[in-house]
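Participant: Encoded as structure tokens, here's the structure I'll be asking about.
The values are calculated or read from the model by the stated rules, or taken from the named source; none is laboratory data. A quick note: this is a predicted structure, and the numbers were derived from the prediction, not measured. In this analysis, Cβ positions are derived from the backbone assuming ideal geometry, glycine residues included, and neighbour counts consider all displayed protein chains. Ligands, DNA and RNA are excluded from the accessible area calculation, which covers all protein heavy atoms including side chains. Shrake-Rupley method; radii C 1.70, N 1.55, O 1.52, S 1.80 Å.
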Amino acid sequence: MQLALSSPVVLFAAAVIIGVFTAGILFWQKNNQPANRFLSLLLLTSSGWLLGFFFAISGLYQQNADLYFKPIFYSFAAGPLVYFFVRHLVDRSATFTPKHLLHFLPT
């Protein structure tokens, strides 16, 4: 596979790499752990969304059509992730139960 290197391709690649790296740092952060974990998952979904744009701009979709469904678009997860992030910021004693997974059902 060949990448068509241009400035937008490099910018999207850098954004994806920075998003994944920052999500990893937030996920293993010790203070305010539940809120940071939801924020890191939100960053990972945003990075996955940008990965689709990276594949389109770099020409990888045209070279291999099987890549089209690799970065699945998780846009429906953004709303519940923001909700639980803010909920854990406001109420430190909030817990995440299996019942709350129903918010992610459309995803």
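Participant: Once the other residues with Cβ under 13 Å from the Cβ of Ala35 are scored (Lys, Arg +1; Asp, Glu -1), what is the net sum?
Facilitator: Result for the neighbourhood of Ala35: +3.
Participant: Debye calculation, C-alpha points only, no solvent: report log10 I(q)/I(0) for the chain at q = 0.18 Å⁻¹, in the same order as the q values.
Facilitator: Relative scattering, expressed as log10 I(q)/I(0), comes to -0.90.
Participant: So what is the accessible area of the chain per residue, in Å², with the probe set to 1.4 Å?
Facilitator: Details: 7260 Å² over 107 residues.
Computed with neighbouring chains in place, this is 68 Å² per residue.
Participant: Same structure again: Give the carbon-plus-sulfur fraction of the accessible surface of the range 27-107 in %, rounded to a whole number; probe 1.4 Å, heavy atoms of protein chains only.
Facilitator: Numbers: 3690 of 5450 Å².
The computed percentage sits at 68.
Participant: Modelling each spin label as a point 7 Å along the Cα-to-Cβ direction, I'd like the Gln33/Ile17 distance in nm, to one decimal.
Facilitator: Going from the Gln33 label point to the Ile17 one covers 3.1 nm.
Participant: Still on this structure: Quick one: compute the contact order of the chain, relative version, from alpha carbon pairs under 8 angstrom and 6+ residues apart, as a percent.
Facilitator: Working: 108 pairs, mean separation 31.1, N = 107.
Relative contact order of the chain: 29 percent.
Participant: Same structure, new question: Can you give me the distance in nm between label points at Val10 and Asp66, each placed 7 Å from the Cα along the Cα-to-Cβ direction?
Facilitator: 3.1 nm
Participant: Another question, if that's okay. Residue separation times 0.36 nm, minus the C-alpha to C-alpha distance between Ser75 and Ser93: what's the value?
Facilitator: Numbers: separation 18, 0.36 × 18 = 6.48 nm, distance 2.76 nm.
Stretched fully, the Ser75-Ser93 segment lengthens by 3.7 nm.
Participant: Can you give the extra length, in nm with one decimal, that the chain gains between Phe53 and Leu101 once fully stretched, where that is 0.36 nm per residue apart less the Cα-Cα distance?
Facilitator: Working: separation 48, 0.36 × 48 = 17.28 nm, distance 2.83 nm.
Full extension from Phe53 to Leu101 adds 14.4 nm.
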